[in-house]
Structures are given as structure tokens and as C-alpha cells.
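To start, the structure under review is shown below, and the notes come after it.
The values are calculated or read from the model by the stated rules, or taken from the named source; none is laboratory data. Remember, predicted model here, so these are calculated numbers, not experimental data. Please note: Cβ atoms are built from the backbone with ideal geometry, for glycine as well, and neighbour counts cover all protein chains shown.
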Amino acid sequence: LSVSDLVGLILLAGSCICLTPAVVQANLPFDSIEVSYLIFMMPHFAFTRVGACITAFISLERCLSIVAPLK
């Protein structure tokens, strides 16, 4: 869970760097918004969903251990 969150935050920071006005308005040979979406945001969404699924599984496991302990 912590690895998923860490990678998600690193990708989000990279996206923030690519979406700053200085980079967007720079005369680059590519569109920084599209590159940011493909390289940073899509993997960020994936890691965020993995983290959410892990959290839901842990919560379900805790609820089941309270409802039916040691079964």
C-alpha cells in the first residue's frame, strides 16, 4: 500500500512539473499536456486504484475478523 501511494505521489509531482505554465508555454517539439497525461496521469490513476483496492480489502478483512473471529 505504501509503495503504491509513493509511486502515485511521485507521478503526481511529475505531472505538476509538466503542467506548469513555463513548460506549457515553452516552444517544445511536443505537447506537454498530452505527454503529461500519457506518462504521468494514466499510471497515477492506476496506482491510485490499486491503493484503493488494497485499502478496501484490508477494511473488509478487519470487519470479517470482528464478525467471525478465528473461523
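Suppose we keep only residues that are under 21 Å from I10 (Cβ atoms) and of a type in the set (G, A, S) within the range 23-42. Which one would you say is modelled with the lowest pLDDT? Looking at the filtered set, the residue picked out is S32. Residues in the range 10-38 that are within 16 Å of T48 (Cα to Cα) and in contact with a Phe, Trp or Tyr (Cβ under 8 Å, 6 or more places away or on another chain): L11, L12, G14, S15. None of A22, A13 is in a helix (DSSP H, G or I), without any contact (Cβ under 8 Å) to a residue 12 or more places away in the chain and in contact with a helix residue (DSSP H, G or I) (Cβ under 9 Å, 6 or more places away or on another chain) except A13. The set of residues from the range 43-71 being at pLDDT 95 or above and among the β-branched types (V, I, T) comprises T48, V50, I54, T55, I58.
Taking the criterion of being among the charged types (D, E, K, R) and either in contact with a Lys or Arg (Cβ under 6 Å, 6 or more places away or on another chain) or exposed (fewer than 11 other Cβ atoms within 10 Å of the Cβ) (or both), the residues of the range 1-42 that qualify are D31, E34.
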